[in-house]
Amino acid sequence: MRTRVAIIGAGPAGLTLSCLLERHGIDSVVLENKSRDYVEHRIRAGVLEQGSVELLEEAGVADRMGREGLVHHGIELQFDGERHRVPLSDLTGGASIVIYGQTEVVKDLIAARLDKGLPLLFEVDDVAVDDICSIQPRVSFEHDGRRHELECDVVAGCDGFHGVCRTAIPDGVLTTYTREYPFAWLGILAAVAPSSDELVYAHSRRGFALLSMRSPQLSRLYLQCRPEADIALWPDERIWDELDLRLGVPGWDLAHGPVLEKGVTPMRSFVAEPMQYGRLYLAGDAAHIVPPTGAKGLNLALHDVGLLAEALVSFFGTGSRTLLDSYSWRCLGRVWRSEHFSWWMTSMLHLGWDGDKYEEKLQVAQLRYTVASPAAATSLAENYVGTAKA
Ligand code: FAS
Ligand code: PHB
């Protein structure tokens with residue numbers, strides 16, 4: 001087999017890259033080790049920055065999102081039993097966010113690829129990346145009981161944090177930066193209309209909670225828990241009780257409903273620099289991870305592949321390597337802006353387990369300043385909608 005670009009991973013990064021390249025007549029092969037059903041139902045992100053929406057429109061996969069996505073112009077910060085709106089669009093010259101589940105983005109991308117009969121292989125095994133410093137890298141893998149070899153000009157490592165591409169880079173090349181948090185998120189998907197028109201990020205003495213949604217009939221809610229939390233010890237009733245306690249404000253009730261899915265997501269910050277080596281280019285979670293508090297993970301992945309697609313179009317179109325050689329540098333500014341914002345939101349909203357009253361007072365002071373000061377609110381808003389200068 002031979003292609004221009006071998007893309008490892010059919011998550012949002014790999015799939016969006018394949019669609020963008022196809023729009024410019026550049027062929028690629030996408031290799032995914034899970035099944036189509038698995039990747040289409042893996043519940044993850046829900047917030048798309050305006051820039052991400054525009055990129056998906058450029059990739060030609062935004063029609064259903066345009067019909068079904070929920071456009072939001074603000075979020076709510078809650079603390080000390082008060083709820084305050086941050087008017088995102090008013091503070092950023094009209095920028096907005098769209099609530100549209102990552103599962104739906106992935107379904108739209110897969111459908112677009114398969115409808116055109118373009119190569120997207122699911123359930124591949126034992127992927128190996130070789131000769132990444134030559135002008136002819138090779139990707140080998142098992143599929144349908146046979147070993148295959150894919151020759152290519154470039155390998156795009158879009159295989160997430162636990163993939164094989166980052167680890168194909170020799171020891172000593174990468175510098176990694178990491179931060180573990182003593183928190184995780186217990187998330188539920190519930191068949192009940194959201195009890196708020198906009199997202200609610202709630203700081204409380206019992207810990208953080210987030211009210212989000214997927215549609216007018218589907219709620220997505222999270223609560224801060226310990227990393228080792230056992231979901232089996234969280235029956236639906238206990239989850240709803242805890243969400244009531246953390247999100248409740250006078251005169252407002254959280255509607256309950258059937259829980260369709262629940263799970264615990266660990267929280268970490270991670271960056272690998274540089275995001276390229278030889279003819280291998282890393283994008284998305286393969287290169288960096290952020291805690292979900294800032295709703296940046298998916299958006300950062302899409303930003304990476306937008307830059308990578310632009311660089312590959314230039315390389316294959318003109319032979320120029322300028323954009324490819326500066327790919328990592330052009331990504332990392334926004335990566336670190338998102339890392340900082342995600343760490344800042346997480347630190348401001350999540351209560352430590354040690355009951356440190358001083359830290360709790362600092363958090364409330366930061367929250368109160370953020371909603372009271374137009375300058376502070378604007379800083380949060382431009383980071384949240386993705387227009388902050390890196
Ligand atoms: P992905 O991990 O999505 O995709 C990588 C793909 O590569 C996967 O399909 C994987 O199966 C495949 N793969 C891995 N190894 C392979 C191999 N050896 N060969 C072939 N394929 C391989 N972000 C938010 O903004 N908000 C959230 O609420 C949020 N919640 C999250 C919850 C969880 C449990 C996780 C893990 C992440 C969450 N994220 C969230 C972040 C998430 O949305 C990621 O940022 C986003 O999926 C990144 O997309 P990709 O880089 O494409 O990586
Ligand atoms: C979600 O809807 O899944 C979501 C929204 C905002 C976040 C994280 C997750 O910060």
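Give me the residue from segment 41-56 that is within 16 Å of ligand 2 (Cβ to nearest atom) and not in a loop (DSSP other than H, G, I, E, B) and, out of that set, farthest from Val385 (Cα to Cα).
My answer is His41.
When segment 70-89 is limited to residues that are touching a strand residue (DSSP E or B) at 6+ places or on another chain (Cβ under 6 Å) and among the charged types (D, E, K, R), the one that is farthest from Ala375 (Cα to Cα) turns out to be Arg83. Are any of the residues in segment 180-194 part of a loop (DSSP other than H, G, I, E, B) and either open to solvent by less than 40 Å² (accessible area, probe 1.4 Å) or under 29 Å from Val124 (Cα atoms) (or both)? Yes.
For segment 144-166, filtering for residues that are surrounded by 14 or more Cβ atoms within 10 Å (Cβ to Cβ) and either without any contact (Cβ under 8 Å) to a residue 60 or more places away in the chain or outside the structural domain of Leu280 (by TED's automatic domain parsing) (or both) leaves 0. When Ser134, Ser140 are checked against the criterion of being modelled with pLDDT of 95 or more, open to solvent by less than 20 Å² (accessible area, probe 1.4 Å) and of a type in the set (Gly, Ala, Ser), Ser140 stands alone in meeting it.
Among helices (runs of 4 or more DSSP H) entirely within segment 317-390, having at least 1 residues that are surrounded by fewer than 17 Cβ atoms within 10 Å (Cβ to Cβ) and of a type in the set (A, V, I, L, M, F, W, C) singles out 327-349, 357-372, 374-385.
One line per residue, one yes/no per condition, for (1) basic (Lys, Arg); (2) within 20 Å of Glu32 (Cβ to Cβ):
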residue	(1), (2)
Asp125	no, yes
Asp131	no, no
Gln136	no, no
Asp159	no, yes
His162	no, yes
Arg166	yes, yes
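Does at least one position in segment 119-126 carry a residue that is outside any loop (DSSP other than H, G, I, E, B), more than 16 Å from ligand 2 (Cβ to nearest atom) and open to solvent by less than 60 Å² (accessible area, probe 1.4 Å)? So far as segment 119-126 goes, yes, one or more of its residues are outside any loop (DSSP other than H, G, I, E, B), more than 16 Å from ligand 2 (Cβ to nearest atom) and open to solvent by less than 60 Å² (accessible area, probe 1.4 Å). If I filter segment 226-245 for residues that are under 25 Å from Ser342 (Cβ atoms), assigned to a strand (DSSP E or B) and either outside the structural domain of Ile188 (by TED's automatic domain parsing) or within 16 Å of ligand 2 (Cβ to nearest atom) (or both), do I get at least one hit? Among the residues of segment 226-245, not one is under 25 Å from Ser342 (Cβ atoms), assigned to a strand (DSSP E or B) and either outside the structural domain of Ile188 (by TED's automatic domain parsing) or within 16 Å of ligand 2 (Cβ to nearest atom) (or both), which makes the answer no.
The values are calculated or read from the model by the stated rules, or taken from the named source; none is laboratory data. These numbers come from a predicted model, not from an experiment. Positions of Cβ are backbone-derived with ideal geometry, glycine not excepted, and every protein chain shown enters the neighbour counts. Side chains are part of the model used for accessible areas, which takes the heavy atoms of the whole protein and leaves out ligands, DNA and RNA. Shrake-Rupley method; radii C 1.70, N 1.55, O 1.52, S 1.80 Å.
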